[in-house]
Amino acid sequence: MITLILFLFQQTYAVGTWTKYGATLENTHLQYMKGAMMSAPDVKWSYKTKSGEESYGATVADIDKDDTMEVVIGSLDNKVCCLNGITGAVKWSYLTGIGGAVSSPEIADLDKDDTMEVVIGSCDNKVYCLNGITGIAKWSYLTGSWVGASPSIADVDKDDTLEVVIGSGDNKVYCLNGITGMAKWSYITGNSICSSPAIADIDKSNNIMEIVIGSWDKKIYCLNGMTGGVKWSYTTGDIIYSSPAIADVDKDDTLEVVIGSNDDKIYCLNGMDGTVNWSYTTGGDIMSSPAIADVDKDDTLEVFIGSEGPYVYCLDGIRGALKWSYQSRGTPHRGMSVADLDMDNKFEVLVPDFNSDYLTCLNSENGSLLWEKQLAKDVHDITIADIDNDGCVELVIGTWGDSTFWTLDDITNSTNCGCMGTEEKNKELKVESSEFKVIKEKIYLSVSNTIQANIKLYDLCGRLTETIYQGTLSKGNYTFTSNIRNNGIYFVKLTTLNFKETKKLILIK
């Protein structure tokens, strides 16, 4: 017996794994699962590394299928660690070469063996692929210099195999075969790369993905996922640390690239040709990466980014006009993160702050301060995820000054906080598909014109269970099969450029 309940999501979907640069390949930094932090949260547990610094960010996923979430981190003590999400206890650790694993890890089943792999870059010039259950290396790839950028994983060339895309200090962008670790192609830029790639089928060309990345040669590159050739590049006025985000920010039915530069500007570029739609000049270098969300429910996306001014900025996605700014205690130097942290059906913005002891939470609509949490010097990347399976998100944050990863939870230990959008039911949308339905493990989609689609399966806690399809669909009828085996409640989420539709499936075999 299968029961179907239908409701519509107006925003980007919730996610199960969450990394430094965002939940999706487009790097939008948006979490849809809610929290219950009506005030500054409490420390749930902390984990101290042995180096003077920690890595750029954690990744959360149930990588060993024990129904408990794991937190995977890298650090400058040359270790990659897998921690129990509930207790913080070490499940396994892997020792890299000297230099430290400062990259954020990425997690996926690369070889389709029903086991997750962990991919991470290291300053020993290598990219590592580790078995998610044991932490044993499956392969490593030697680049020509340090790897400080974080990887992205996708089937970029339509060969039904996942690739690992990552930049390096040797001025190259690498595309590696996810199964063997062998290079499929590499592209040489004019300087080192600390930017993490954003990946999408920007030009809707038969599922061949585009890869967008910034470089210290002052350029933003858009590369063909099949060949690694340049589709376009744009030169800014200074080096680029920021990682790009991809979204249709101006409602023109095409994707834009949003990224910051150390020339003090944030740029919005046309994804098709790299021309400038708008730029906004801040008060200092931008090492931060943008977050993108419709926070005031006006059907228009906002862009959030920090600069060394030191300010956090909220910009109108259509024109790049300033909506508000907030003066930070230190330097908001990493990616902003957006989520409904207090169950008020409104988004909050979390600010990572260099040269400060505080994590800051802002009202996303007007930039007012909601709360601060004192941790330790140099607050770095923020991961938002449900790490203890209670149905509410927690926060995972690294601080450089004391080499610690912190997990924060609401003070009331709330449960079942829900997801943004579930309160908006039966709302009419102009959809591009004439039919979208789920019957048993089959997903049926009838498309009336060409669309770019993502179909993903999540469990009740918002954890990503399976990516069913990601790419372009032309007019026609399609059937997709899910591999779910266990009874339970799942969300099948269809996302296109113009709408999001979610079906809730209660499966009883």
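The values are calculated or read from the model by the stated rules, or taken from the named source; none is laboratory data. Nothing here was measured: the structure is a model prediction, and the numbers come from that model. When we count neighbours, we look across all protein chains shown, and the Cβ atoms used for this are built from the backbone with ideal geometry, even at glycine. Side chains are part of the model used for accessible areas, which takes the heavy atoms of the whole protein and leaves out ligands, DNA and RNA. Shrake-Rupley method; radii C 1.70, N 1.55, O 1.52, S 1.80 Å.
In a fully extended conformation the segment linking THR235 and LYS65 would gain 56.7 nm over its present Cα-Cα distance, using 0.36 nm per residue. Each of GLY309, THR28, VAL349 was placed along the dipole of the chain (beta-carbon charges, centred on the mean Cα), and the one lying farthest toward the positive end is THR28. Remark: the SER474-MET182 segment gains 101.9 nm on full extension, using 0.36 nm per residue and subtracting the alpha carbon distance. When the alpha carbon coordinates of the chain are projected onto the principal axes, the ranges are 55, 50, 48 Å, largest first. Taking the Cα centre of the chain as origin and assigning +1 to Lys and Arg Cβ atoms and -1 to Asp and Glu Cβ atoms, the resulting dipole is close to 800 debye. Taking Cα centre as origin and charging only the Cβ of basic (Lys, Arg, +1) and acidic (Asp, Glu, -1) residues, the dipole magnitude of the range 242-374 rounds to 380 debye. Each residue of the range 175-286 gets 95 Å³ once the volume of the Cα convex hull is shared out per residue. By a straight-distance test (C-alpha under 16 Å), which aspartates and glutamates pair with LYS297 as possible cross-link partners, with residues fewer than eight away in the same chain excluded? List returned: ASP248, ASP250, ASP316, ASP340, ASP344, GLU348, GLU365, GLU423, GLU424, GLU428. Sequentially through the range 313-327, phi angles give Karplus couplings (6.51, -1.76, 1.60; θ = phi - 60°) of 10, 10, 10, 5, x, 6, 10, x, 6, 6, 9, 6, 9, 9, 7 Hz, Gly and Pro residues having no value and appearing as x. Rounded to the nearest Hz, the phi-derived 3J(HN,Hα) couplings of the range 441-453 under the Karplus curve 6.51 cos²θ - 1.76 cosθ + 1.60 (θ = phi - 60°) are 8, 9, 10, 10, 9, 10, 10, 8, 7, 4, 9, 9, 10, where x marks glycine and proline.
Close amide H pairs (under 5 Å, H built 1.01 Å from N) link SER328 with TYR311, VAL312, residues at least 5 positions away or on another chain.
Each of ALA154, LEU142, VAL119 was scored by the projection of its Cα onto the charge dipole of the range 104-176, and the greatest displacement toward the positive side belongs to LEU142; charges sit on the C-beta of Lys, Arg, Asp and Glu.
For the range 318-365, taking the reciprocal of the average inverse distance between every pair of different Cα atoms yields a Kirkwood hydrodynamic radius of 11.9 Å. The residues of the range 278-347 expose on average 32 square angstrom of accessible surface per residue, using a 1.4 Å probe on protein heavy atoms.
For the range 336-409, build the charge dipole from Cβ charges (+1 Lys, Arg; -1 Asp, Glu) around the Cα centre, then report which of ILE397, ALA385, THR407 sits farthest towards its positive end. Towards the positive end, the residue furthest out is ILE397.
Taking the Cα centre of the range 49-102 as origin and assigning +1 to Lys and Arg Cβ atoms and -1 to Asp and Glu Cβ atoms, the resulting dipole is close to 180 debye. Listed by chain and number, the lysines whose alpha-carbon sits under 27 Å from that of LYS138, ignoring those within fewer than 8 places in the same chain, are LYS20, LYS48, LYS50, LYS65, LYS79, LYS91, LYS112, LYS126, LYS158, LYS172, LYS184, LYS456. Given R0 = 60 Å, the distance between the Cβ atoms of ASN355 and THR481 translates into a calculated FRET efficiency of 0.70. Annotation for ILE136 and SER448: the two label points, set 7 Å from Cα along the Cα-Cβ direction, are 5.4 nm apart.
Diffusion coefficient of the range 227-309 by Stokes-Einstein, Kirkwood radius over Cα pairs, 37 °C, 0.692 mPa s: 249 µm²/s.
Our estimate of slack between LYS297 and SER46, defined as 0.36 nm per intervening residue step minus the Cα-Cα distance, is 86.8 nm. Database remark: amide H of LYS126 closer than 5 angstrom to the amide H of THR143, VAL147 (H placed geometrically; neighbours at sequence offset of 5 or more, or on other chains; Pro and chain starts carry no H). Placing one equal scatterer on every Cα of the range 46-116 and applying the Debye formula, the log10 ratio I(q)/I(0) at q = 0.11, 0.21 Å⁻¹ is -0.26, -0.89. Simple spin-label estimate for ASP114 and SER39 gives 4.8 nm between the two label positions (7 Å along the Cα-to-Cβ direction from each Cα).
Amide H to amide H distances under 5 Å link LEU370 with CYS361, LEU362, ASN363, where only residues 5 or more positions off or on other chains count and H is placed in the peptide plane.
The per residue volume of the convex hull around the alpha-carbon atoms of the range 102-186 is 76 Å³.
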